[in-house]
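Chemist: My questions all concern the structure below.
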Amino acid sequence: KDEKAGLAEYTAPAVKAAYVCPDCHVMALQAGNCSKCGKAMMAMHLLAVKGGEAMLCSCGADCTCAAKDMKDGKCSCGKDVVKMSVKGMYVCPKHCPVISEKAGKCGVCGAELKKAE
């Protein structure tokens, strides 16, 4: 019997922020404390996901910077762009700003999310 029958398929929303520990550099998709050191995670603006990495700016979750405006490792707001591995997470193969902890569809373009290796 199909266990998924009757269940709505998961659609991952576009992600505006990821949370990073300033000391351990652990990334999470939810605000909270670092799983390694317990320090508060810092909200960073998700610019893009490409090649198994999330490109983040420390300008914060409410920023409106765009990935297309990055230049020389800097965000359009002038802050450094930080790259974090998304290995083991699900990402949009079309590089939409979508990261998920589970399989599903991209909330931006509808593509099937792929597990980052």
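Chemist: Mind listing P(r) for segment 65-117? All alpha-carbon pairs, 10 Å bins, whole percents.
Modeler: 26, 38, 32, 4
Chemist: Taking all protein chains in place and a 1.4 Å probe, what share, in percent, of the accessible surface of the chain do carbon and sulfur account for?
Modeler: 50
Chemist: Run the simple label-point estimate for Lys71 and His95 please: 7 Å along Cα→C-beta, distance reported in nm.
Modeler: 1.8
Chemist: How long is the gain from Ala14 to Gln30 if the chain were fully straight, where each residue apart is worth 0.36 nm and the alpha carbon distance is subtracted?
Modeler: Once the chain is fully extended between Ala14 and Gln30, it gains 4.4 nm.
Chemist: Report the residue, chosen from Lys105, Lys94, Lys36, that carries the largest GNM mean-square fluctuation when the chain is represented by alpha-carbon nodes joined by springs under 10 Å.
Modeler: Checking each option, the largest mean-square fluctuation is seen for Lys36.
Chemist: Moving to a separate point now. Looking only at Asp72, Asp62, Asp23, which one moves most when the chain is put into a Gaussian network model with springs between Cα atoms under 10 Å?
Modeler: Among Asp72, Asp62, Asp23, the largest GNM mean-square fluctuation belongs to Asp72.
Chemist: Still on this model: Give me the one-decimal nm value for the distance between modelled label points at Asp80 and Cys109, 7 Å along each residue's Cα-to-Cβ direction.
Modeler: Output for this residue pair reads 3.0 nm.
Chemist: Continuing with this model, one more query. Per residue, how much accessible area does the chain show when a 1.4 Å probe rolls over the protein heavy atoms, in square angstrom?
Modeler: 61
Chemist: Calculate one ³J(HN,Hα) per residue across segment 37-51 by plugging θ = phi - 60° into the Karplus curve 6.51 cos²θ - 1.76 cosθ + 1.60, and present them in order as whole Hz with x for glycine and proline.
Modeler: Listing the rounded values in order: 10, x, 6, 4, 6, 9, 6, 10, 6, 7, 8, 6, 10, 7, x Hz.
Chemist: Let me ask something additional. Starting from the residue with the highest accessible area, list Thr64, Thr11 in decreasing order, probe 1.4 Å.
Modeler: From most exposed to least exposed: Thr64, Thr11.
Chemist: Tell me which label goes with the value of Rg/Rh (Cα atoms, Kirkwood Rh) computed from the coordinates here: [x] 1.20; [y] 1.01; [z] 0.94.
Modeler: [y]
Chemist: With every protein chain left in place, what is the accessible area of His95 in Å² (1.4 Å probe, nearest 10)?
Modeler: Taking all protein chains as shown, His95 has close to 90 Å².
Chemist: Can you spot the lysines whose alpha carbon is less than 26 Å from Lys115's alpha carbon? Ignore those fewer than 8 places along the same chain.
Modeler: Lys1, Lys4, Lys16, Lys36, Lys50, Lys68, Lys83, Lys87, Lys94, Lys102, Lys105
The values are calculated or read from the model by the stated rules, or taken from the named source; none is laboratory data. Just so we're clear, the structure is a prediction, and the values are computed from it rather than from any experiment. All Cβ positions, glycine included, derive from the backbone under ideal geometry; neighbour counts span all protein chains shown. SASA here: full protein model, heavy atoms, side chains in, ligands and nucleic acids out. Shrake-Rupley method; radii C 1.70, N 1.55, O 1.52, S 1.80 Å.
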